[in-house]
Structures are given as structure tokens and as C-alpha cells.
Amino acid sequence: MTAVEEPGRIVLLTASHRVAPGLLSWPAWQTLRAADLVLCPDAGHPQLPYLREAGVPVEISEPDAQELISACAGGRTVVVLPSGEGDRRLTDGLARLAGSGRVQMPDLELLPGSYDLPGARLLDLVQVMDRIRRECPWSAQQTHKGLAKYALEEAYELVEAVEEGDRDELREELGDVLLQVVFHARIAEEDEEAPFSVDDVAGGIVEKLIHRHPHVFGSETASTPEEVKSHWLRMKAVEKQRSSVTDGVPLGQPALALAAKLSARARTAGLSVPLPSGEGVGYRLLALAVEAEAAGADPEAALRAAARAYREAIRSAEG
């Protein structure tokens, strides 16, 4: 009686291109070291130098499905490192043979060698933006000044998505705002006098957040939102070394928001500043904005909510 030959095992080892090559999981390294044969169709695969350094021999080969099955004969384990784009021809071929019922198939295993870390897709965004900047005629000509209006538009659309409570719209608008950040950072890389990159942008905000949260990353304590705000303002004052509490308040923001921001700065600094007197609706609106801010309300958001109600009333009147 003829003994039935063991069909063996095929392991497709995948690794995220967003994780540095060589940083593989322990199960992946164990499988690679124990394999009878390791195949890779791509001589430039980023993992190859690290596998060679670890003493794992790799054969550069692009077998078809039947050849791969034959290589597993006798109970052998064959590990395949697909190229970055994957190997659809091989996987489709294995699926066809398995579905035919005429072939004794090896055990098939998909083994992730590494996983994306949180935020890994940001690397894709940076890569895509870099290519668009180089190859898209419109994007290649954009400047910081030319893009500024889009940043403002996207910010307003984000606010609208928040007010509408539409989760899908919120996710999309956050992406549009993020694009503006990455686009500006990519343009900044080309500045001959003072270039910076998206990594510099991210590094700067990380340092700022750590410095302004000593109750999280340092030895200070804060148990209430008010104490957190106090830490933030104190650290910010040390960083900026401003001569006036109004320094850093952008005058280009909507008027109600501007009035509320100035009022908040003065109140936080303990300044008692009489409101300027004058005729006209502007001074009345200023007084209302300061009153709202002192009461803990956002006059800009309040007026937007009222305006939205007014819009609905208009639509209702239109039938």
C-alpha cells in the first residue's frame, strides 16, 4: 500500500509598508527560521537585507500555484514574501486549484508579520501629497497665499458638519482640513530660505502639547478643567513673552468671535476695561458679545444657531 505524501504548508507572510523593514512579529521570525524554503518574487523587497542579516536564506523566485504546491511535497513548509503590491496571480491560482478538488492542497496560512500603528495612514497621505505636488499641474503651482482661502472654507465646512451632527460628513471634513495642513507643509519643503516639513509641524505641536500639559507629562497636578486652563495659559505666557494680552488674537476672524476673544483675554488677565462708547449697531453687538462671553456662551456659535433657525423659517415660508 502506497503511503500518502504529506501536502505540507504554504505561509504567505505579509508586512505593512508603513512599518520599518525588519520589525517583524515574533511568530513571523519563528516561521521564517523554521521554514524549509523562503521564496520572494521581488529582488528589491525591503525585508530581504534584514532576513539575510538574521541568517534566513531567501530564494528569489516567482513560482506559479502548481510549482508552489509541489515545493511543499513531503510535509515541507514554504514561506512566500509577496511583493508590496501582492501577488494576485499566485493567490488566484491557489484558489482555482483548491476549488477544483483534483489537487491535495497544502495547509494555507496568511501570517501578518507586522501591523499598522495608529496614525499609519498619515504616512500614505504624505506620500500621496508628495506625488501630487510633483506631478499635478495645478497642485505644483499652488502657494501658501493661494491656498489660504481653502483652509478657511474647509474650517467653516468642518464647523457646519459638527453643528449638523453628521458623522460621515464630519469624517470627510476633518480629512479636508488635514489635507490643507499636509499641502502647506509640502509647499514649505521647497522654501530655499527657511524650509520645513510635515515632520517639523508635527514635532512642534507635540513639544507644545507636552510643555502645556505639565499635569500629564510633568509633576504638576490638575483635577478640574479650570486648573488645566490655568496651566495652559501660564505656559503659553512663558512661551510667547507677549507685551499685551491682545497679542496673537487674529483680527481676521469673524467679528463676534474676535470680540469674545478680546473680552476673554482681558477678563483672564484681570483687567477691567470699559467698553468703548459709540453710536451704531457695531457697539451694541460688541456689548452683546462681551456679555455672552462673560456668561460662558460663545456668541459666534449662538448667532450661527439663531441664523440656522432663521434659515429654516425662510424655507418654511417658501413652502
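Data table
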{"quantity": "Single residue of LEU174, LEU152, LEU258 found to be under 30 Å from ALA302 (Cα atoms), in contact (Cβ under 8 Å) with a residue 12 or more places away in the chain and surrounded by 12 or more Cβ atoms within 10 Å (Cβ to Cβ)", "calculated": "LEU174"}
{"quantity": "Pairs with Cβ under 8 Å, 6+ apart, first in segment 216-234 and touching a residue at least 12 places away in the same chain (Cβ under 8 Å), second of a type in the set (Ser, Thr, Tyr) and assigned to a helix (DSSP H, G or I)", "calculated": "LEU233/THR268"}
{"quantity": "Test for LEU170: is it under 15 Å from the mean Cα position of the chain (by Cα) and either at pLDDT below 95 or of a type in the set (Ser, Thr, Tyr) (or both)", "calculated": "no"}
{"quantity": "Any hit, segment 115-126, residues being over 15 Å from the mean Cα position of the chain (by Cα) and at pLDDT below 90", "calculated": "yes"}
{"quantity": "Yes/no for GLU291 being over 37 Å from the mean Cα position of the chain (by Cα), modelled with pLDDT of 90 or more and under 27 Å from TRP232 (Cα atoms)", "calculated": "yes"}
{"quantity": "Residue within segment 64-75 that is in contact (Cβ under 8 Å) with a residue 24 or more places away in the chain and over 16 Å from PRO7 (Cβ atoms) present", "calculated": "yes"}
{"quantity": "Qualifying residue in segment 118-134 (condition: acidic (Asp, Glu) and assigned by TED's automatic domain parsing to the domain that holds ALA15)", "calculated": "no"}
{"quantity": "Number of positions in segment 272-299 that are in contact (Cβ under 8 Å) with a residue 12 or more places away in the chain and closer than 21 Å to VAL245 by Cα", "calculated": "10"}
{"quantity": "The one condition in (1) in contact with a strand residue (DSSP E or B) (Cβ under 7 Å, 6 or more places away or on another chain); (2) without any contact (Cβ under 8 Å) to a residue 24 or more places away in the chain; (3) not β-branched (Val, Ile, Thr) that GLU109 fails to fulfil", "calculated": "(2)"}
{"quantity": "Qualifying residue in segment 144-153 (condition: touching a Lys or Arg at 6+ places or on another chain (Cβ under 8 Å) and of a type in the set (Gly, Ala, Ser))", "calculated": "no"}
{"quantity": "Enumerated helices (runs of 4 or more DSSP H) restricted to segment 171-280, each holding at least 1 residues that are farther than 30 Å from TRP138 by Cβ and acidic (Asp, Glu)", "calculated": "198-211, 225-240"}
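The values are calculated or read from the model by the stated rules, or taken from the named source; none is laboratory data. Note that the structure is a prediction, hence the values are computed from the model and not measured. Because the Cβ atoms are built from the backbone with ideal geometry, glycine has one as well, and the counts that use them run over all protein chains shown.
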